[in-house]
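A short write-up of the structure that comes next.
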Amino acid sequence: MDARAPPHQQTAATPQLRQQHGGGGDFSAIFTVLLSFVVIAAMRKHSDLSEYYVQVLVPSSSTLKNSLYIVHQVPEGHVGVYWRGGALLNTITDPGFHMKMPLITHFEPIQVTLQTDLVRDIPCGTKGGVMINFEKIEVVNRLHKDFVHQTLLNYGVQYDNTWIYDKIHHEINQFCSVHSLQQVYIDMFDQIDEKMKDALQADCTRYAPGIEILSVRVTKPKIPESIRRNFEQMEEERTKVLIAVERQRVAEKEAETQKKIAISEAEKNAHVSKIQMEQKLTEKDSSRRQEEIANAMYLAREKSLTDANFYRTMKEAEANKMKLTPQFLELKFIEAIANNSKIFFGNKVPNMVFDQRLLGSFLQDVARTGNLET
């Protein structure tokens, strides 16, 4: 059985135990030792007890044999506890070989390491009156070394019967009596372990502080066959519903995924179309700008050519105007007459020359008048 008390549960009232390293009895009394050997020798007369002489130095778990030992062994993970005349002694021994007075002093090894107590067949009735049975409950516990004497003094070597076996029966029945079968078997089954552990530890802390409950493991209770079949059918139907719900959820997820894919594809196409449209607009705008630039260049070039022609014409006109003097015209006239390959003679020839002279005089007068006005 598991019984242990954490260090924080130790109180000032914990008895200070005297550690025995040499022996459990008063070996200074020679008379007592001699008396023990006399008793053993007397026992040799009986054939059914002759084996005890050989077993004096051999450990055993039997109560009678423990009483007959002189040398005994305390196993690792245990401490030795001693009774003399039925009274529990304060002596506590550590693992190893020790000596005691045979027949007078009784010895028991008490485990102080982790141990698991297995409680079987715990019947209980639920709130609705259904009888169920917990076939196995495991209680992991430990008895703290410093509280061994106090615990054994109050509850005996079988202290676990009081605080583990009997207590777990009581707590299980208390739990079942206030909960329905549905709660005990399904809804709250995962909480029973902790509830049992807390309940056991609470009473141990109050009445037996040396016992520490580490954990409780509860197996599924056994319920009536008809109710078990109903639970199985309910669980099967619940499973079917869960499967249907899960399938519906999967279908919804798939539809949502397809919708997201379609939306994403449409957004992608729209984005691509937008990019292509922007690209075309950019190209058109670029072409328009190129045409505007070309037109501007053409207009500028044509305007420049026109201005140049106009300027050239104006300059030529001004130059011609400056050339058309009476003297120049007369010179041109004389050159023209001189260049003719034919000369006509008649009444009008002198008039022609005279008319040209008059024209030159007229132009000269006009030019002079213009200069005066300027």
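The values are calculated or read from the model by the stated rules, or taken from the named source; none is laboratory data. Please read all numbers here as calculations on a predicted model, not as lab measurements. All Cβ positions, glycine included, derive from the backbone under ideal geometry; neighbour counts span all protein chains shown.
Exactly one condition in (1) surrounded by fewer than 20 Cβ atoms within 10 Å (Cβ to Cβ); (2) assigned by TED's automatic domain parsing to the domain that holds I70 is not met by E138; state its number.
E138 satisfies all of (1) surrounded by fewer than 20 Cβ atoms within 10 Å (Cβ to Cβ); (2) assigned by TED's automatic domain parsing to the domain that holds I70 except (2).
If a residue must be surrounded by 13 or more Cβ atoms within 10 Å (Cβ to Cβ) and of a type in the set (D, E, K, R), how many such residues does region 163-176 contain?
The number of residues fulfilling the criteria is 2.
How many residues are buried (at least 16 other Cβ atoms within 10 Å of the Cβ), more than 16 Å from R228 (Cβ to Cβ) and among the hydrophobic types (A, V, I, L, M, F, W, C) if we restrict to region 177-205?
Qualifying residue count for the region: 5.
Name the residues in region 133-158 that are in contact with a helix residue (DSSP H, G or I) (Cβ under 7 Å, 6 or more places away or on another chain) and in a strand (DSSP E or B), would you?
F134, I137, V139, N141, L143
Return the only residue of P102, P123 being out of contact with any strand residue (DSSP E or B) (no Cβ under 8 Å at 6 or more places or on another chain) and not β-branched (V, I, T).
Numbers: P123 fails: out of contact with any strand residue (DSSP E or B) (no Cβ under 8 Å at 6 or more places or on another chain).
None of the other options fit; the residue is P102.
Across region 294-341, what is the number of residues that are small (G, A, S) and in contact with a Ser or Thr (Cβ under 9 Å, 6 or more places away or on another chain)? It would help to see each step written out before you state the result.
First, the residues of region 294-341 that are small (G, A, S): 294, 296, 300, 304, 308, 317, 319, 336, 338, 341.
With in contact with a Ser or Thr (Cβ under 9 Å, 6 or more places away or on another chain) added as a condition, the list becomes none.
Within region 294-341, residues that are small (G, A, S) and in contact with a Ser or Thr (Cβ under 9 Å, 6 or more places away or on another chain) number 0.
Determine which member of the set I261, I211, I293 is touching a Cys at 6+ places or on another chain (Cβ under 6 Å) and either within 30 Å of E171 (Cβ to Cβ) or modelled with pLDDT of 90 or more (or both).
Working: I261 fails: touching a Cys at 6+ places or on another chain (Cβ under 6 Å); I293 fails: touching a Cys at 6+ places or on another chain (Cβ under 6 Å).
Within the list I261, I211, I293, the selection yields I211.
Give the residue that is surrounded by the most Cβ atoms within 10 Å (Cβ to Cβ), with candidates limited to residues of region 206-235 that are outside any helix (DSSP H, G or I) and of a type in the set (A, V, I, L, M, F, W, C). Outline the logic, then answer.
The first filter runs over region 206-235 and keeps only residues outside any helix (DSSP H, G or I), leaving 208-224.
Then keep just the ones that are of a type in the set (A, V, I, L, M, F, W, C); that gives 208, 211, 213-214, 216, 218, 223.
Numbers: A208: 22, I211: 29, I213: 25, L214: 15, V216: 25, V218: 24, I223: 19.
Among those residues, the one meeting the criterion is I211.
Here are some residues: K253, K220. Which one is under 25 Å from L118 (Cα atoms) and either of a type in the set (K, R) or free of Cβ contacts under 8 Å to residues at least 60 places away in the same chain (or both)?
Numbers: K253 fails: under 25 Å from L118 (Cα atoms).
Matching residue, one of K253, K220: K220.
Go through region 172-199 residue by residue and tally those that are over 35 Å from the mean Cα position of the chain (by Cα) and either farther than 13 Å from T126 by Cα or part of a loop (DSSP other than H, G, I, E, B) (or both).
So the first thing to find is which residues in region 172-199 are over 35 Å from the mean Cα position of the chain (by Cα), and the list is 172-181.
Add one more test, that the residue is either farther than 13 Å from T126 by Cα or part of a loop (DSSP other than H, G, I, E, B) (or both), and what stays is 178-180.
Residues that pass the stated criteria total 3.
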